[in-house]
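A quick write-up on the structure given underneath.
The values are calculated or read from the model by the stated rules, or taken from the named source; none is laboratory data. None of the values given here were measured: they were computed from a predicted structure. Every residue, glycine as well, gets a Cβ built from its backbone with ideal geometry; the counts of neighbours run over all protein chains shown.
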Amino acid sequence: MKILVIEDEHKIANSIKKGLEQESYAVDVAYDGEQGFDLAVTEDYDVVILDLMLPKMGGMEICKKLRKDENIHTPILMLTAKGQLNDKVNGLNAGADDYLVKPFAFAELLARIRALRRRPKQTLNNQLKVNDLTLDALSYQVKRNGKDIKLSKKEFALLEYLMRHQGKILTKDQIINHVWDYDADILPNTVEVYIGYLRNKIDKPFKNKPPLIQTIRGFGYKI
């Protein structure tokens with residue numbers, strides 16, 4: 001699991017990083033809001049731990065921008081020294097998934113992170129759309145130009161991962177790590193094969209439409 005900590009108090013940030021690394025998590029730290037926002041947009045994290053009061057860009061603004069402008073729905077755990085009800089309500093309304101008031105016990109932070117990861121991702125954003133291609137993560141229905149497209153479970157998982165990262169280049173390793181199980185028997189050309197399956201179903205039948213899946217040679221794929 002990869003976690004982003006956005007916290008301007010170095011002692012707190014470094015303490016969280018050290019504790020999470022001891023739990024075998026990969027942790028990136030940003031000490032101001034702008035750096036944290038840039039990392040959250042460009043990197044792929046499983047959880048973001050976000051302080052409310054930050055220099056350069058506040059936690060509330062970061063949360064709103066990630067949700068509304070960037071369409072990023074990574075679970076966000078908001079940290080703050082404030083404990084008033086209004087602050088909690090405003091944070092949750094901005095798009096945070098949970099709220100923790102400083103000072104806190106590390107055990108509670110860890111428990112909340114684990115609880116966030118147990119929540120199904122489909123509850124975050126069920127309807128995905130890229131141009132005239134739509135995907136419903138609950139009903140497993142995929143359509144392009146209003147026409148139903150039948151996909152296997154693995155094809156659906158690959159397409160969903162691409163669509164949740166619209167416009168971003170995804171490497172083969174990223175795709176394998178997020179679409180296939182850790183102990184799956186993956187051949188070197190597995191990703192290429194499944195990308196080909198998807199193209200045969202969502203691009204090639206629609207000759208008058210622009211192809212959606214792109215190969216970025218030397219890097220990976222994007223939609």
key: Count - residues of the range 46-72 that are closer than 15 Å to ALA96 by Cα, without any contact (Cβ under 8 Å) to a residue 60 or more places away in the chain and in a loop (DSSP other than H, G, I, E, B)   = 5
Where MET163 falls short, out of the listed (1) in contact with a strand residue (DSSP E or B) (Cβ under 8 Å, 6 or more places away or on another chain); (2) under 22 Å from TYR140 (Cα atoms); (3) exposed (fewer than 13 other Cβ atoms within 10 Å of the Cβ) = (3)
note = Just one listed residue, out of ASP69, ASP87, ASP46, is in the same structural domain as ALA13 (by TED's automatic domain parsing), closer than 24 Å to LEU20 by Cα and not polar (S, T, N, Q), and it is ASP46
request  = Could you give me the residue pairs with C-beta distances under 8 Å whose first residue belongs to the range 198-222 and is under 14 Å from ILE169 (Cβ atoms) and in the same structural domain as LYS143 (by TED's automatic domain parsing), whose second residue is assigned to a strand (DSSP E or B) and aromatic (Phe, Trp, Tyr) wherever it lies, and which are 6+ apart or on separate chains?
outcome  = ILE213/TYR221; GLN214/TYR221; THR215/TYR221
query = So is GLU23 touching a residue at least 40 places away in the same chain (Cβ under 8 Å), assigned by TED's automatic domain parsing to the domain that holds ALA105 and surrounded by 15 or more Cβ atoms within 10 Å (Cβ to Cβ) or not?
reply = no
ask   = What number of residues in the range 1-45 are within 19 Å of the chain's Cα centre (by Cα) and of a type in the set (Ser, Thr, Tyr)?
value = 3
